[in-house]
Amino acid sequence: MTLSGKRILLIIGGGIAAYKSLDLIRRLRERGASVRCVMTAAAQQFVTPLAAGALSADHVFTDLFDRQDEQDVGHIRLSREADLLVVAPVTADLMAKAANGLADDLASAVLLATDKKVLMAPAMNPRMWSHPATRRNHATLERDGVAFVGPGTGEMAEAKEAGEGRMAEPLEIVAAAEAMFDAGQKPLAGRKIIVTSGPTHEPIDPVRYIANRSSGKQGHAIAAALARLGADVRLVSGPVALPDPAGVKTSHVETAREMRDAVEALLPADAAVFVAAVADWRTENSAAEKIKKVAGEGPPSLKMIENPDILSTVGHHARRPDLVVGFAAETQDVLKNAEAKLKKKGADFIVANDVSPAGGAMGGDRNRVRIVTKGGVDEWPEMTKDQVAERLAALIAERLEANPT
């Protein structure tokens, strides 16, 4: 992994987004990085040094004038011992200090003293982000070589406030941090890979639809993991409540037919990974107006027809990718159904998982999968969906390496 053995100094600025920094610590450490934290006085109003220290398993630094920490010029040592400095969240105040060379607290002193790369994740009110002073400071820091991830657009902590200013999600920051390290030639560089993710929504009328419980977490994680290995990833996503993965070109669709058309438009490709839980059926004719309940008539009958089978379409396509990977989400006879799907759909392998309530995969954060090929079945232990994604991306890279372009 790109971050394995890397030393990250995480500077946590003050703001409600500081709570995300705790998850960021966990995500960085999952990928093998060691994390040491510096917290501003304002940050400590939102999260505690105890929490950051427990997650990082290291001392948390807070005071420029701490006698114990500064007896060996601690702010210089902190700034030089790290491989990368990540500031998340970086507030308008901290950006202003860094842009203008101020160093009146530990965080700003470390930023002024460092000779390492710096990645900042801004988080502030939209008006503060768009203020000319903040824009000048942002431009100055970029000219000085500071990298930025985000901010995103969405609802703010303040009531009825929305706009650009939300801190990037922890996994976006992780992806940006990984990109900061020169890992040499990545195994999927130059490869175009299509990924589908999430559910599809099949309309009954303008306000009702047929859907399933897919969250898109596994598909989005796979798209991000492939991008980290250098692939040109084209994600076709159904309706999900997830941000687009960093470094991935994402198309948003609603229905199975829209997903099929979007996938076919992206061909040719080196590989395609069909993670989306596509609805098997749709109504033959969706109503143009809301179907009203009429007393005494009972529910309307819905005539259902089959949706296109996207995996089978691409598995037997004239422009079939070199590698086609399908998912089998089953509630019973998982292996039997996955093996049948492998033969029928034209896939190279099927990733089978149990989506029954007991399995807990659909909508959850963990997954246990089996890789079904013509050569047999490889059972993987239960992992987080991010870990499944990384392992699957490595397997795809290995398979494509055997078929060089």
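A short reminder: the numbers here are calculations on the coordinates, not readings from a lab. The structure presented is a predicted model; accordingly, all values stated were derived computationally and were not measured. All Cβ positions, glycine included, derive from the backbone under ideal geometry; neighbour counts span all protein chains shown.
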### Task
Mind checking which lysines have their Cα closer than 21 Å to the Cα of K249? Skip sequence neighbours fewer than 8 apart in that chain.
K186, K192, K217, K385
### Task
Quick one: angle between helix 256-266 and the longest Cα principal axis of the chain, in degrees between 0 and 90, rounded to 10, please.
70
### Task
Below 23 Å Cα-Cα, how many Lys pairs turn up in the stretch 7-180? Only count pairs eight or more apart in sequence, or on different chains, if you could.
5
### Summary
Kirkwood-based Rg/Rh on the Cα set of the chain evaluates to 1.04
### Query
Can you pull out the GluC sites (Glu not before Pro) in the stretch 267-344 that DSSP calls coil and that have at most 12 other Cβ atoms within 10 Å?
E284, E289, E297
### Query
Given just the C-alpha atoms of the stretch 192-401, how large is their convex hull per residue in cubic angstrom?
134
### Message
Neighbour counts of other C-beta atoms within 10 Å: give me L28, L242, L226, L171 arranged from fewest to most.
### Response
L242, L171, L28, L226
#### Entry: Percent antiparallel among DSSP beta bridges (both partners in the chain, rounded to 5)
30
### Task
Among V110, V86, V207, determine the one that fluctuates most according to a GNM of the chain built with springs between C-alpha atoms less than 10 Å apart.
V207
### Task
May I ask for the Rg/Rh ratio of the stretch 7-180, computed from Cα atoms with Rh as the Kirkwood radius, given to two decimals?
0.94
### Summary
Of the candidates A177, A295, A225, the farthest towards the positive dipole end of the stretch 159-305 (Lys/Arg Cβ +1, Asp/Glu Cβ -1, centred on the Cα centre) is A295
### Task
List the longest stretch of the chain that has no exposed loop site; here a site is one of the trypsin sites (Lys or Arg not before Pro) assigned by DSSP to anything other than H, G, I, E or B, with at most 13 other Cβ within 10 Å.
1-159
### Message
I want to verify a result. In a Gaussian network model of the chain, Cα cutoff 10 Å, which of these has the top mean-square fluctuation: V149, V334, V174?
### Response
V334
### Query
What is the projected area of the convex hull of the Cα atoms of the stretch 97-156, averaged over all directions, in nm²?
4.4
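Set the Förster distance to 25 Å, then compute FRET efficiency between D63 and D115 from the Cβ-Cβ distance, nearest 0.05. Provide the component values of the computation, followed by the final result.
Numbers: r = 23 Å, r/R0 = 0.91.
That pair, D63 with D115, gives E of 0.65.
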### Message
Out of all DSSP beta bridges in the stretch 192-401, what portion is antiparallel? Express it as a percent rounded to 5.
### Response
40
### Summary
GNM of the chain, Cα pairs under 10 angstrom: of G163, G150, G13, the biggest fluctuation goes to G163
### Query
Among H317, H59, H201, which comes first, then next, by fewest other beta-carbon atoms within 10 Å?
H59, H317, H201
### Message
Counting other beta carbons within 10 Å of each residue's own, what order do F65, F181, F46 fall into, fewest first?
### Response
F65, F181, F46
### Query
Where Lys and Arg each count +1 and Asp and Glu each count -1, what net charge lies around W129 among other residues with Cβ under 12 Å from its Cβ?
+1
